[in-house]
Amino acid sequence: MIRKTVENVQEALNGVKDGMTFMLGGFGLSGIPENSISELVRLNVKNLTCISNNAGVDNFGLGLLLHKKQIDKMVSSYVGENAEFERQMLSEELEVELIPQGTLAARCQAAQQGYPAIYTPAGYGTEVAEGKETREFDGKHYVLEMAFKADFAFVKAWKGDKAGNLIFKGTARNFNPLMCGAATVTVAEVEELVEPGELDPNQIHIPGIFVQRIFEGKNYEKRIEKRTVRS
């Protein structure tokens with residue numbers, strides 16, 4: 001059995017450099033690879049391109065990298081509740097490529113599955129399609145979108161084993177599984193790391209073949225993006 005485990009987040013991020021392109025899982029504040037992001041902040045790597053559905057909030061998730069001006073370009077579908085993201089985008093301090101959410105997911109999946117590009121109807125006839133190849137299939141128009149190319153994918157799972165097999169929980173299952181294997185190196189941090197064979201094979205969402213490095217994370221926060229209470 002091939003073991004993918006590394007001792008800590010420092011070892012997991014070995015090889016990270018300035019100017020790289022990263023994929024980062026998460027949806028809202030769910031499923032964010034917190035340990036990996038904290039280490040990127042500590043390493044102070046610069047000129048990054050980050051592919052992520054959104055950028056967390058001002059003081060959590062990718063918002064931590066934005067505040068330190070480590071990100072040059074964000075590729076995402078939603079500015080969300082991050083005021084610093086909005087400020088940098090409007091002041092043109094940050095290059096932003098906004099992509100329809102389904103297209104963002106499909107471009108991740110295309111990279112994961114080895115396809116160079118996809119055709120999607122999303123965005124046809126809008127600014128999204130400007131400068132891109134379009135084709136008609138069965139009377140419907142489609143836009144050619146390229147698969148993402150990334151150096152590292154950082155994902156967070158609920159459980160994993162030392163062979164890299166992963167189980168995600170709840171909303172964290174949205175973008176994290178699609179980013180596994182979609183970059184040159186996939187780093188998975190998990191809440192609970194177990195021995196091979198301890199996970200129910202029928203419950204595994206991502207097989208270990210898509211993961212190069214895995215470690216058990218620490219001090220995860222269970223944040224709520226918007227708390228609504230009865231008055």
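The values are calculated or read from the model by the stated rules, or taken from the named source; none is laboratory data. Computed from a predicted structure; not experimentally measured. Please note: Cβ atoms are built from the backbone with ideal geometry, for glycine as well, and neighbour counts cover all protein chains shown. All accessible areas refer to the heavy atoms of the entire protein, side chains included, with ligands and DNA or RNA removed. Shrake-Rupley method; radii C 1.70, N 1.55, O 1.52, S 1.80 Å.
Quickly run through segment 27-74 and pick out the residues that are of a type in the set (Val, Ile, Thr) and under 15 Å from Gln88 (Cβ atoms). Matches in segment 27-74: Thr49, Val57, Ile71. On the stretch given as segment 160-204, residues that are basic (Lys, Arg) and either open to solvent by less than 30 Å² (accessible area, probe 1.4 Å) or within 19 Å of the chain's Cα centre (by Cα) (or both) total 2. Report those strands (runs of 3 or more DSSP E) wholly inside segment 87-198 carrying at least 3 residues which are closer than 17 Å to Pro33 by Cβ. In segment 87-198, the matching strands (runs of 3 or more DSSP E) lie at 152-161, 185-194. Filter segment 122-151 down to the residues that are small (Gly, Ala, Ser) and more than 20 Å from Gln101 (Cβ to Cβ) and list them by number. Across segment 122-151, the qualifying residues are Gly131, Gly139.
Looking across Tyr124, Tyr142, one residue alone is in contact with a His (Cβ under 6 Å, 6 or more places away or on another chain) and open to solvent by 10 Å² or more (accessible area, probe 1.4 Å). It is Tyr124. Only one of the listed residues (Lys222, Lys156, Lys149) is at pLDDT below 95 and on the phi < 0 side of the Ramachandran plot. That residue is Lys222. Would you check which residues across segment 205-221 are crowded, with 16+ Cβ neighbours inside 10 Å and acidic (Asp, Glu) and list them? Result: Glu216, single match. Here Pro100 fulfils each of the conditions (1) at pLDDT 90 or above; (2) more than 30 Å from Ala163 (Cβ to Cβ); (3) buried (at least 18 other Cβ atoms within 10 Å of the Cβ); (4) of a type outside the set (D, E, K, R) apart from (3).
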